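This is the structure, below, for whatever I ask next.
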Amino acid sequence: MTFLNTVLEPPGYGWRDEFGALVKPTHKQILKEFFSRLNIFKCKKNWLSFVSWMLILALSPFFTLFFFKYVTLERAAIAFVYGMIIMGTHGTIWHHRYCTHRAYKFRNNFWRFVTQNLTLKIIPEEIYAISHHVHHALSDTPGDPYNANGGFLYCFLADVNHQPISRNMCEKDYYRCTSLMKHTGITPNTYTQYKKWGSIATPWRTLISVILNWSFWFAAFYLIGGMGLVCTMFAAAGVWAVGVRTFNYEGHGKGKDKRKEGTDYNRDDMSINQVWPGFVAGEWHNNHHLYPKSARSGFKPYQIDFAWYYIKFMSTIGAVSHYRDSKKEFYSEYYKPVAEVVPAKQILEPQSVFVE
């Protein structure tokens, strides 16, 4: 806990006040912090956050062309599937269940590389994974980088204001931090390079990987459907990249207790299971907080989990050598005890019964 309490760079307004309560900055303070941390001329250690948002800006011309020149009902449907389902599911497969929680293991580096590059590369792994460890350790408490109690903007701009790693780690803590990313294939900076760049990732490797990824998918989409398909897919990716920043605010009840009995079994934080993120990205968030290292979070029959289906398929063909599946534990510890105590006729809906 001590390490995870200090691994992220604290915002200028701080995590906690003098009484230990969450600091709730004003919108002006949040925006000031955001633009300050994007300023690479002020400090080159801001480079990773700058690149992350410049990638979104680079996608905006494709969105403009799509909307004003190439939009059709067919392409709109394609954009919906790619942006909502494919990009969303890939984020769960790669950034969430693999990079952060190591819920499964690849047979070799080839399959890891394929999975990493299944979609357009937009979110740097380092920004997502390290901060997500902190999110689970300090969920809905001061220090949680996307604490819903801080408000929408607090969460929406968290990737810049709250999620970058600390720039003042000692050598021991820095290498402990890099160990959390070792399995992802990211080549880390040395400690000397970290002191210069303030990151685990190196700028040139990051930029080259993005350029190669975008070039491949640009060429692939162009060969399949011309410039119209390119603009469709790149625009959809841009919409996802903006929209995904709203998830944790929504997924933790917008700072309110929206948990439902018989649906949200985890009572240690305010995470909730939402149908839409669950169906399109496998993000049954309350289930995930119950079993964060599980490769599956859609436990109940109606909880569709495309991320799990991909991982299971990869296991079937031998690309994934190991995975954790906590479905049996969920039914044993949470769902079956209810069914055994209450007559079956009374269990008409999952929301009707809850036993702590």
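The values are calculated or read from the model by the stated rules, or taken from the named source; none is laboratory data. Just so it is clear, the model here is predicted, and its values are computed rather than measured. A quick note on method: Cβ atoms are made from the backbone with ideal geometry, for glycine too, and the neighbour counts reach across all protein chains shown.
How many residues does region 129-147 contain that are out of contact with any His (no Cβ under 8 Å at 6 or more places or on another chain), of a type in the set (Gly, Ala, Ser) and in a helix (DSSP H, G or I)?
Residues that pass the stated criteria total 1.
Kindly indicate whether Glu171 is at pLDDT 95 or above and within 17 Å of the chain's Cα centre (by Cα).
Considered against the rule, which asks whether it is at pLDDT 95 or above and within 17 Å of the chain's Cα centre (by Cα), Glu171 comes out as no.
With surrounded by 20 or more Cβ atoms within 10 Å (Cβ to Cβ), over 19 Å from the mean Cα position of the chain (by Cα) and under 27 Å from Phe3 (Cβ atoms) as the only criterion, which of Phe62, Phe66, Phe106 stands out?
Phe106
Taking the criterion of being farther than 20 Å from Asn46 by Cβ, of a type in the set (Phe, Trp, Tyr) and under 21 Å from the mean Cα position of the chain (by Cα), would at least one residue in region 204-215 satisfy it?
Scanning region 204-215, I find at least one residue that is farther than 20 Å from Asn46 by Cβ, of a type in the set (Phe, Trp, Tyr) and under 21 Å from the mean Cα position of the chain (by Cα), so the answer is yes.
Among the residues of region 214-232, write down those that are of a type outside the set (Gly, Ala, Ser) and either buried (at least 17 other Cβ atoms within 10 Å of the Cβ) or within 23 Å of Arg37 (Cα to Cα) (or both).
Listed by number, the residues that qualify are Trp214, Trp217, Phe221, Leu229, Val230, Cys231, Thr232.
Search region 260-271 for residues being surrounded by fewer than 23 Cβ atoms within 10 Å (Cβ to Cβ) and of a type outside the set (D, E, K, R), and hand back the single one that is nearest to Tyr334 (Cα to Cα).
Within region 260-271, the match that is nearest to Tyr334 (Cα to Cα) is Tyr265.
Residues of region 96-117 being farther than 15 Å from Met181 by Cα, in a loop (DSSP other than H, G, I, E, B) and in contact (Cβ under 8 Å) with a residue 60 or more places away in the chain, which ones?
Listed by number, the residues that qualify are Arg107, Asn117.
Now, a different point. Please pick out the residue among Glu74, Glu126 that is part of a helix (DSSP H, G or I), among the acidic types (Asp, Glu) and crowded, with 16+ Cβ neighbours inside 10 Å.
The conditions single out Glu126.
Return a yes/no flag: does region 33-55 have any residue that is farther than 26 Å from Ser271 by Cβ, polar (S, T, N, Q), free of Cβ contacts under 8 Å to residues at least 24 places away in the same chain and assigned to a loop (DSSP other than H, G, I, E, B).
Checked against the condition, which is being farther than 26 Å from Ser271 by Cβ, polar (S, T, N, Q), free of Cβ contacts under 8 Å to residues at least 24 places away in the same chain and assigned to a loop (DSSP other than H, G, I, E, B), region 33-55 yields at least one hit.
Filter region 17-32 for residues that are aliphatic (A, V, I, L, M) and not in a helix (DSSP H, G or I); which is surrounded by the fewest Cβ atoms within 10 Å (Cβ to Cβ)?
Taking the candidates together, the pick is Ala21.
Further question on the same structure: Looking for whichever is at pLDDT below 95 and either under 21 Å from Ala241 (Cα atoms) or more than 12 Å from the chain's Cα centre (by Cα) (or both) here; the options are Ile86, Ile186. Which one fits?
Of the residues listed, the single one that is at pLDDT below 95 and either under 21 Å from Ala241 (Cα atoms) or more than 12 Å from the chain's Cα centre (by Cα) (or both) is Ile186.
When you go through Gly14, Gly91 one by one, which is the residue that is at pLDDT 95 or above, assigned to a helix (DSSP H, G or I) and within 24 Å of the chain's Cα centre (by Cα)?
Gly91
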